[in-house]
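Data block below; observations after.
The values are calculated or read from the model by the stated rules, or taken from the named source; none is laboratory data. None of these values were measured; they are calculated from a predicted model. Neighbour counts run over all protein chains shown; Cβ positions are idealised from the backbone, glycine included. The protein model used for the area step is the full one, side chains on, heavy atoms only, and it has no ligands, DNA or RNA in it. Shrake-Rupley method; radii C 1.70, N 1.55, O 1.52, S 1.80 Å.
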Amino acid sequence: MHFTSEQQLDDGVLERLFTLGDIPGILWTPPSSPAPAPLILVGHPGGLNRMYPRVAGRARHCVAEGFIAATIELPGSGNRPPSPDAEQARADLRGALAAGEPVTDDIVDRLVLPLAGQAVTEWQTALDTLLELPEIDGPVGYSGGIISIGVRLAMVEPRVRAAVLFAGSFVPRVIFQDARQVTVPVQVLLQWDDENNDRQQALDLFDALGSTEKTLHANMGGHTGVPAYEGDSANQFFARHLK
């Protein structure tokens with residue numbers, strides 16, 4: 001890990017930009033850390049510069065509740081090299097939606113599965129490095145982002161002990177099989193009127209999760225209308241399972 005810059009934000013949170021090879025990321029820590037704190041991995045849909053206000057807001061909220069937060073850029077997003085296969089799948093998706101045609105499993109698989117596979121590996125590499133920092137101590141939580149990435153990471157990574165998952169993206173059928181193997185506590189956030197979300201698919205994925213402790217939070221409103229109190233709810237969820 002190579003730290004490239006740092007600044008202290010107006011609430012005292014220390015924000016440090018870093019790189020892991022060619023992967024950019026951000027680490028948020030409290031102004032003083034009397035003891036190592038649990039880590040929250042802050043997921044997002046890609047394009048960290050574009051998503052920064054929302055991602056940083058969630059991260060700073062986590063830090064205010066006694067956690068440390070970190071994120072990394074997704075493969076093919078931001079300034080990272082694009083994937084021609086993903087770009088073609090995305091174009092096929094837009095074409096199907098514009099024509100009012102069904103989005104086929106083939107399109108969803110080509111768009112999501114390679115991304116999820118690479119992103120999970122990169123999150124695990126980031127964890128290897130982040131957990132070596134003296135201010136961080138496990139266990140780890142994962143919050144938000146593309147739900148297929150969160151499900152697969154929760155399935156394969158034992159250091160992730162709890163997950164808050166955001167519904168609202170296309171889900172390959174194989175991810176439903178992965179979900180049955182997830183055993184950590186899970187809280188799923190669903191915007192009931194999300195115009196880009198298949199509500200029934202989100203409900204079916206929640207049903208498929210193998211966790212014995214899982215909670216569904218469904219709120220009225222569209223994709224960007226998540227109530228502010230859901231941030232408090234997520235922190236309370238992580239406090240129960242990580243502290």
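Taken one residue at a time, the phi angles of the stretch 191-206 give Karplus couplings (6.51, -1.76, 1.60, θ = phi - 60°) of 8, 5, 10, 5, 5, 9, 10, 7, 4, 5, 5, 5, 5, 5, 5, 4 Hz. Gly and Pro are set to x. Normalised Debye scattering of the stretch 184-233 at q = 0.17, 0.21 Å⁻¹ gives log10 I(q)/I(0) of -0.52, -0.76, counting only Cα atoms as equal scatterers and leaving out solvent.
Once backbone amide H atoms are built at 1.01 Å from N, Asn197 has no partners under 5 Å, excluding neighbours fewer than 5 places away on the same chain.
Phi angles of the stretch 212-223 translate, via the Karplus equation with coefficients 6.51, -1.76, 1.60 and θ = phi - 60°, into HN-Hα couplings of 7, 10, 9, 10, 10, 10, 10, 10, 5, x, x, 4 Hz per residue; Gly and Pro are given as x. Diffusion of the chain by Stokes-Einstein, at 37 °C in a medium of 0.692 mPa s and with Rh set to the Kirkwood radius over alpha-carbon pairs, works out to 180 µm²/s.
Divided by 2.2 N^0.38 Å, where N counts the residues, the Cα radius of gyration of the stretch 69-142 comes to 1.45.
How many percent of all Cα-Cα pairs in the stretch 103-191 sit more than 22 Å apart? Tail fraction, whole percent: 26.
Our coupling estimate for the stretch 119-133, obtained by passing each phi through the Karplus curve with A = 6.51, B = -1.76, C = 1.60 and θ = phi - 60°, is 5, 5, 4, 5, 4, 5, 5, 4, 4, 3, 7, 4, 6, 7, 6 Hz, Gly and Pro reported as x.
The charge dipole of the stretch 1-131, taken about the Cα centre with unit charges on the Cβ atoms of Lys, Arg (+1) and Asp, Glu (-1), comes to about 300 debye, rounded to the nearest 20. Under the criterion of Cα pairs below 8 Å and six or more residues apart, the relative contact order for the chain equals 15 percent.
Computing FRET efficiency as 1/(1 + (r/R0)^6) for His2 and Glu213, where r is the C-beta to C-beta distance and R0 is 35 Å, gives about 0.35. As a fraction of the 1.4 Å probe accessible area of the chain, surface on carbon and sulfur atoms comes out at 51 percent.
Scanning residues 5 or more positions from Ala218 or on other chains, those with amide H under 5 Å from its amide H are Leu190, with H placed 1.01 Å from N in the peptide plane. Probing with 1.4 Å while keeping every protein chain in the model, the per residue accessible area of the chain equals 47 Å². Using Cα-only point scatterers and the Debye equation, what is log10 of I(q)/I(0) for the stretch 1-71 at each q in 0.12, 0.18, 0.23 Å⁻¹, rounded to two decimals? Rounded to two decimals, the profile gives -0.29, -0.65, -1.07.
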